[in-house]
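What follows is a short report on a single structure.
Readers should treat all values here as calculations from the given coordinates under stated rules, not as data from a laboratory. Remember, predicted model here, so these are calculated numbers, not experimental data. Note that we place each Cβ from the backbone using ideal geometry, even for glycine, and neighbour counts take in every protein chain shown.
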Amino acid sequence: MTNNGDRVGQGRAQGDGFDPLRVPVEGNLRDYLTDADESMADEAAARAELGKYVRTYLDDGAGVLVLAGLPADRDSGERAVSRATSLIGAPLPQNREGTLVREVKDRGMSISQRGRTRYSDSRLGGDLHTDGAEAALPAPDVFTLFCVRQSEWGGALQCLHVRDVERALEPGVVRTLREPFHFDRRGDQQPGEAPTTTKPVLFTQRGRPAITYLRSYIDQGHDHPDVPPLTVRQRTALDALDALIGSSSALLTGKLREGELALFDNLALLHGRTEFRDEPDHTRLLLRTWIRRTIEAS
Ligand SMILES: [Fe+2]
C-alpha cells in the first residue's frame, strides 16, 4: 500500500480514528509521568490507573491507548515514556547496543536497503508490520510512541488487529502462516549467529492470537544463500496477507499529536504509517520503548 499524497490525519485539531482511544492524563498517573522527582508521586496508584486503561484499551479494545495532554518537550517526553514503561513492565533493548528509548525519525534511509536499516529510520509509508520482527520470539508485548514533534504532512499511524486478519484469511492461508519463515536479522545478530531468525507469522503468545511480520524482512531472509527460497505456497500466503492489509475496512488510522503518549499491543496489531515530510525547522520526532509486560492481562 502506498500513501503518496495521502492526507489522512492532516491538521492538528482534526478528529481521527484515535479519538475514541484518547484519554486525558490526570491525577496520580499525571503526577507520576511528569514530576521531576518521581518519589513525590504515588507509584502504586499510578500503576493501578494505567493498568486499568491497558486492560480496557489494549486487552479488551482496539489494542491502542493514547494518553493525551502531556508536556511535549523531548526531556519531558523521555521521562513520561520511561516511567509509563516501568509502570506496566520492563523496557527491552531495541538493538544489540541495548538502546531502551529509541528516536523514531527520518534518517534518510529505506528498509529496501539491506544491512541494519529499520522502518523507524525512514519517512516512507506502508509496510504494515510488528516491532521486533527482526528478532527471535518472544516479541515485545507492548511498544510505546511519545510524540515530541509531528509532521504537518503525513505521518498518520495505521493499525490492523490480528483478530481481523485471522477472520478474513482463508483457513489454508492461516495454516501456512503458522509455519516457520526466515526473517532477516537486519545485521543485529552477534558474531557467529545466523543472519536470519526462524518463526511463524501467526502464533500464540500469553494464550492470545499473535502476529509478527514485516514482509521485506521475510523476503530478504529467504534470499540469504543458506536459506531455502520461499515456496509458492508460502509466497501465496504472504501475498494474501498483504492484499488483506491493502484492502481491509478494519484498518484504524489516527495521527498522534505533540504531547501524546500512545501504547500499542505489539502482539495483536500490525502497524504502519503514511509517508511523511519534514519541514527544515520542524522534523518529526517520536520516542519509542519496547516492553516485556508484567501487569496482568484482563
Ligand atoms: Fe513499528
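Here are a few things to note about the model shown:
- Estimated FRET transfer efficiency (Thr99, Asp239; beta-carbon r; R0 30 Å; 0.05): 0.35
- Farthest positive-ward along the chain dipole, Cα basis, beta-carbon charges - from Tyr213, Ser86, Gly108: Tyr213
- For trypsin sites (Lys or Arg not before Pro), the sites in the range 66-110 that DSSP calls loop and that have at most 15 other Cβ atoms within 10 Å are Arg96, Arg107.
- In terms of its Cα atoms, the range 139-189 spans 43, 33, 21 Å along the principal axes, sorted from long to short.
- Debye log10 I(q)/I(0) at q = 0.09, 0.11 Å⁻¹ for the range 84-206, Cα point scatterers: -0.31, -0.47
- Sorted fewest first by neighbouring Cβ atoms within 10 angstrom, Asp281, Asp73, Asp141, Asp164 come out as Asp281, Asp73, Asp164, Asp141.
- Given their separation in residues at 0.36 nm each and the Cα-Cα distance between them, Asp59 and Leu137 gain 26.1 nm when the chain is fully extended.
- Each Cα pair under 8 Å and six or more residues apart adds its separation to the average, and for the chain the resulting relative contact order is 34 percent.
- Degrees, to the nearest 10: 232-247 long Cα axis against longest axis of the chain: 40
- Near Arg118, no amide H atom lies under 5 Å from its own; only residues 5 or more places off or on other chains count, and H is placed 1.01 Å from N.
- Once the gyration tensor of the Cα atoms in the range 209-298 is diagonalised, the equivalent ellipsoid follows with semi-axes of 29, 20, 16 Å, ordered largest first.
- Taken over the chain, the alpha-carbon convex hull comes to 129 cubic angstrom per residue.
- When the chain is treated as a GNM with alpha-carbon contacts under 10 Å, the residue of Pro24, Pro191, Pro180 showing the greatest mean-square fluctuation is Pro191.
- With respect to the chain, whose longest principal axis is taken over its alpha-carbon atoms, helix 74-88 is tilted by about 70°.
- Helix axis angle, 43-53 relative to the chain longest principal axis, alpha carbon, degrees: 50
- Within the chain, the longest run free of GluC sites (Glu not before Pro) that sit in a DSSP loop with at most 13 other Cβ atoms within 10 Å is 194-295.
- FRET efficiency, 1/(1 + (r/R0)^6) with R0 45 Å, evaluated for Glu170 and Arg74 via beta carbons: 0.45
- Assuming charge only on the beta carbon of Lys and Arg (+1) and of Asp and Glu (-1), the dipole of the range 162-264 about its Cα centre is about 400 debye to the nearest 20.
- The range 45-188: relative contact order in percent, alpha carbon pairs under 8 Å with at least 6 residues between: 23
- Between Arg292 and Val232, the FRET efficiency estimated from the beta carbon spacing at R0 = 51 angstrom works out to 0.85.
- Helix-only [θ]222 nm of the chain, DSSP H runs n ≥ 4, -39500 (n - 2.57) each, per residue, nearest 500: -7000 deg cm²/dmol
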